[in-house]
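Okay, so here's the structure we're looking at.
The values are calculated or read from the model by the stated rules, or taken from the named source; none is laboratory data. Computed from a predicted structure; not experimentally measured. Quick reminder, even Gly has a Cβ in these numbers, built from the backbone with ideal geometry, and neighbours come from all protein chains shown.
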Amino acid sequence: MPILGGRDEVRASVARRFGPVSRSLALLVPAVLVAVAIAVTADGDGATETGADDPAAVVAAVTTPDREATEAIGASDARGERGSSVASMLSAEVPSVFVESFDGSPQSPEPFESPDWTINVASRDIDTWERLEPMDADHGPGCEPPLDGASHVVTEYEDTVFRCRDHVMTAVNASGYALAYLTPNALVDFSEGEATVRFDVSTFRSSGRDWIDLWVSSWDDHLVLPFRAGGGDVDLQGAPLNAVQFEMDQSCSGFRLNAFVDGEHVESSDGCWSLPEWHDVLEPSRARRDTIELVISRSHVKLWMPDYDFVLAERDVALNFSLGVVQLGHHSYNPRKDCGVENSSMDGDECEPTTWHWDDVVIEPAIRFHVNHSDTRLVLDDDQVVRFDEPAAEGASLRFSGVGTIAVSFDGGSSWEPALRQPTVLDGPRHPEHASNYWMPVPAGTTTLMLRFEADEWYRGPFHARDFVLWSP
């Protein structure tokens, strides 16, 4: 089986399928070329043989590194020149303190939007791509407090993260699987030792299949929609190559710790029988928000509730990054299922989707980065135009999630190139029907984006992509 030998061959192969390829494809080398070389020569042992003379196979190879390819590339090569140069630019910034208090008292639940935050909401099942399954979210139509059962119906994506009474809520519901991630434009900086990520959150949980988590991932390797490495059969494509995660267990109010280093799942907590639970020290509440704090260094992590002097998870680690993307997550995995099963993490009389209340996020020290938002949440069809709020800055990267083999154009459709899918840690085969994470450089000055979709392995549609932003130092 021939191996693609250089940039011109890749450009020609992609051009045969999608049209002329822009010069910015050069930014994807060497990572793309290495991924292609591995993908087209694998035959067996879990990999799929790919024909170099087939343009469809070439595009799939470029955008779909398998687990063997990811491991062979290695963490540094997979990031390429784009990652190392941008990381250097970020590390040169002067640290500060990031504080978000979510102040605002609207007369009704208000969709939360901010230049300082990237909001990602996704749902697996096709019939929920445009509208979510409804749920009764905390706070009434006039932002009445939830203690007396006040609620309002949430079904639109824009309404899943909303503000009332000087804090924000996340409310997602799926009989399949759905999630929401809130990502501030501040990296936690533990290059000089310990750093902290602190936030307040409610503790009432109405289903064991509705939970929260916290990720800290390297800039180069972070994912739009990270998920547990062993969760590929449920949805998504796994965990970042370099990250640490604290995930609330489905069977208790304890938090599992997972650490990933260069694509290896190196640390993992035991099950609920060994996890400290916040039920041991507090009465769960919808209205009260308790402080959770992460203390992180390259060699040690500790998640605790300082007001109760209560440690949720603590472990020595050996992380190979010191600037981390912070993501606060809320997951919904058929919360009404197993309703009759005794579950110490369920606080209500019935299993229902949970509304989580968030407030007072503090990252110290922090390195700020810039978020350039777009006017489009969801793309379902070829050649739809996405417009960014401002021209792309130097060193900017495009960030989105999507299903399908995706090509992108930054010049109004004059040229096309493959969207670059992020490598992940995934225990098991990749599911092409599940959303993948895309993260790739864009030319400075870019103001628009267009996409085209093709089949991904056996999956032939429908396709979609969503939540387009540009991040830059």
Out of curiosity, is Val301 within 23 Å of Ser91 (Cα to Cα) and in the same structural domain as Ala239 (by TED's automatic domain parsing)? yes
Candidates Val266, Val261, Val244, Val216, filtered to the one that is at pLDDT below 95, among the aliphatic types (A, V, I, L, M), in the same structural domain as Asn173 (by TED's automatic domain parsing) and within 23 Å of Gly324 (Cα to Cα): Val266
What are the residues in region 109-118 that are surrounded by 13 or more Cβ atoms within 10 Å (Cβ to Cβ) and over 17 Å from Val326 (Cβ atoms), if any? Pro109, Glu110, Pro111
Among the residues of region 336-348, is any within 30 Å of Ala150 (Cβ to Cβ) and crowded, with 22+ Cβ neighbours inside 10 Å? yes
Looking only at region 220-254, count how many residues are surrounded by fewer than 24 Cβ atoms within 10 Å (Cβ to Cβ), touching a helix residue (DSSP H, G or I) at 6+ places or on another chain (Cβ under 6 Å) and under 23 Å from Ile296 (Cβ atoms). 1
Restricting to region 387-402, and then to whatever is surrounded by fewer than 21 Cβ atoms within 10 Å (Cβ to Cβ) and charged (D, E, K, R), can you tell me which residue is modelled with the lowest pLDDT? Glu394
Only strands (runs of 3 or more DSSP E) wholly contained in region 127-175 count here; list those with 1 or more residues that are farther than 23 Å from Cys351 by Cβ, within 23 Å of the chain's Cα centre (by Cα) and at pLDDT 95 or above. 161-164, 167-171
Can you name the residue in region 310-343 that is closer than 27 Å to Val168 by Cβ and free of Cβ contacts under 8 Å to residues at least 60 places away in the same chain and is also farthest from the chain's Cα centre (by Cα) among such residues? Phe310
Single residue of Glu192, Glu144 found to be of a type outside the set (Gly, Ala, Ser), out of contact with any Gly (no Cβ under 7 Å at 6 or more places or on another chain), surrounded by fewer than 24 Cβ atoms within 10 Å (Cβ to Cβ) and under 27 Å from Leu90 (Cβ atoms): Glu192
Name the residues in region 152-170 that are among the hydroxyl-bearing types (Ser, Thr, Tyr) and either surrounded by fewer than 18 Cβ atoms within 10 Å (Cβ to Cβ) or not assigned by TED's automatic domain parsing to the domain that holds Arg336 (or both), would you? Thr155
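Filter region 88-120 down to residues that are part of a strand (DSSP E or B) and closer than 18 Å to Gly142 by Cβ, then give me how many there are.
Restricting attention to region 88-120, the residues satisfying the condition of being part of a strand (DSSP E or B) are 96-100, 110-111, 117-120.
Next, from what is left, pick out any that are closer than 18 Å to Gly142 by Cβ: 110-111.
Total satisfying the criteria: 2.
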Members of region 228-237 that are farther than 14 Å from Glu267 by Cα and out of contact with any Gly (no Cβ under 6 Å at 6 or more places or on another chain): Gly231, Asp233, Val234, Asp235, Leu236, Gln237
Strands (runs of 3 or more DSSP E) contained entirely in region 246-336, each with at least 1 residues that are small (Gly, Ala, Ser): 255-261, 264-268, 310-316, 323-332
Mind counting the residues in region 195-217 that are among the charged types (D, E, K, R) and either in a strand (DSSP E or B) or surrounded by fewer than 21 Cβ atoms within 10 Å (Cβ to Cβ) (or both)? 4
Quick test for you: out of Asp375, Asp427, Asp381, pick the one residue that is modelled with pLDDT under 95 and surrounded by fewer than 19 Cβ atoms within 10 Å (Cβ to Cβ). Asp427
